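Enquirer: I am attaching a structure below and will ask some questions about it afterwards.
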Amino acid sequence: MRRLPRYLAVFLCALAIAGCGGQRAAGPITSVEVEEVAAVEGLAGEELSASSTGLGDDGDISGRSLAQVGGGDLLKQRVVYFEYNSSLLSELGKAVVKAHAQYLAATATRQVILEGHADERGTREYNLALAEDRALTVAKVMQALGVRSARIQTVSYGEERPVSLAHDENAWRLNRRVEILHQ
């Protein structure tokens, strides 16, 4: 009988350690997580403007004004790009994901597949994990903005499906992406 508290303490420690490692599945997220994601991603109740996207006063995005990119033009963008070794959304990426999430929330029958990709640098396993993290980031933001998790599917391709086969920064920049595919 004296060993029971000791076994219980060992069991609880093992359980705590096991819970700290690993990643959470892409299932539904809690309301606390929704608030955290929205706050971190800068999406909590904001309208898109040059100041909210961090594009500067002129709102320039590769020669186009923010007005041209806003609304329907954001829905035409089906790819969100990421920085090297990162799964954080850029300001433009946030705007694109927000536009797609609003569209999906307004259309109850559409599904979305989020395909995560990485450039060729790093091991195959690392790139698969990074690409999955990128797809899950987009999925969590969409869930935070009202898209049910049952309508979102994530796939990780890692470095296996590059859009550019060159071996330079321009090619790598194009390959670090999540493709948003409506079904």
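Enquirer: In segment 124-183, what residues are farther than 14 Å from residue 112 by Cα and of a type in the set (Lys, Arg)?
Expert: Of everything in segment 124-183, those that are farther than 14 Å from residue 112 by Cα and of a type in the set (Lys, Arg) turn out to be 124, 134, 161, 173, 176, 177.
Enquirer: Additional query: When you go through (1) surrounded by 15 or more Cβ atoms within 10 Å (Cβ to Cβ); (2) over 20 Å from residue 84 (Cβ atoms); (3) touching a His at 6+ places or on another chain (Cβ under 7 Å) one by one for residue 147, which number turns out not to apply?
Expert: (3)
Enquirer: Please find, within segment 160-183, the residue that is surrounded by the most Cβ atoms within 10 Å (Cβ to Cβ) out of those that are part of a helix (DSSP H, G or I) and touching an Asp or Glu at 6+ places or on another chain (Cβ under 6 Å).
Expert: From segment 160-183, those part of a helix (DSSP H, G or I) are 169-175; that's our starting set.
Adding the requirement that they be touching an Asp or Glu at 6+ places or on another chain (Cβ under 6 Å) leaves 172, 175.
Values: 172: 18, 175: 23.
Taking the candidates together, the pick is 175.
Enquirer: Within the group 101, 135, 105, 131, which residue is of a type in the set (Gly, Ala, Ser), within 23 Å of residue 74 (Cα to Cα), at pLDDT below 95 and not in a loop (DSSP other than H, G, I, E, B)? Spell out how you get there, then give the answer.
Expert: Numbers: 101 fails: at pLDDT below 95; 135 fails: at pLDDT below 95; 131 fails: at pLDDT below 95.
Result: 105 is the single residue among 101, 135, 105, 131 that is of a type in the set (Gly, Ala, Ser), within 23 Å of residue 74 (Cα to Cα), at pLDDT below 95 and not in a loop (DSSP other than H, G, I, E, B).
Enquirer: Another one. Kindly list the number of the only condition in (1) of a type in the set (Phe, Trp, Tyr); (2) exposed (fewer than 15 other Cβ atoms within 10 Å of the Cβ); (3) touching a helix residue (DSSP H, G or I) at 6+ places or on another chain (Cβ under 7 Å) that fails for residue 157.
Expert: Condition (2) is where residue 157 drops out.
Enquirer: Looking only at segment 50-69, decide whether some residue is in a loop (DSSP other than H, G, I, E, B) and at pLDDT 95 or above.
Expert: Checking segment 50-69: not a single residue is in a loop (DSSP other than H, G, I, E, B) and at pLDDT 95 or above.
Enquirer: Within segment 100-130, can you find the residues that are surrounded by 21 or more Cβ atoms within 10 Å (Cβ to Cβ) and free of Cβ contacts under 8 Å to residues at least 40 places away in the same chain?
Expert: 127
Enquirer: Here are the criteria: (1) touching a residue at least 12 places away in the same chain (Cβ under 8 Å); (2) part of a helix (DSSP H, G or I); (3) hydrophobic (A, V, I, L, M, F, W, C). Tell me which single one residue 150 does not satisfy.
Expert: (1) is the only condition that residue 150 fails.
Enquirer: Still on this structure, please answer the following. Pairs please, first residue from segment 69-82 and farther than 22 Å from residue 170 by Cα and crowded, with 18+ Cβ neighbours inside 10 Å, second anywhere and at pLDDT 90 or above and among the aliphatic types (A, V, I, L, M), Cβ atoms under 7 Å, 6+ apart in sequence or on different chains.
Expert: Pairs that qualify, where the first residue is farther than 22 Å from residue 170 by Cα and crowded, with 18+ Cβ neighbours inside 10 Å and the partner is at pLDDT 90 or above and among the aliphatic types (A, V, I, L, M), are 74/95; 74/96; 74/99.
The values are calculated or read from the model by the stated rules, or taken from the named source; none is laboratory data. All of these numbers come straight from a predicted model, not from anything done at the bench. Because the Cβ atoms are built from the backbone with ideal geometry, glycine has one as well, and the counts that use them run over all protein chains shown.
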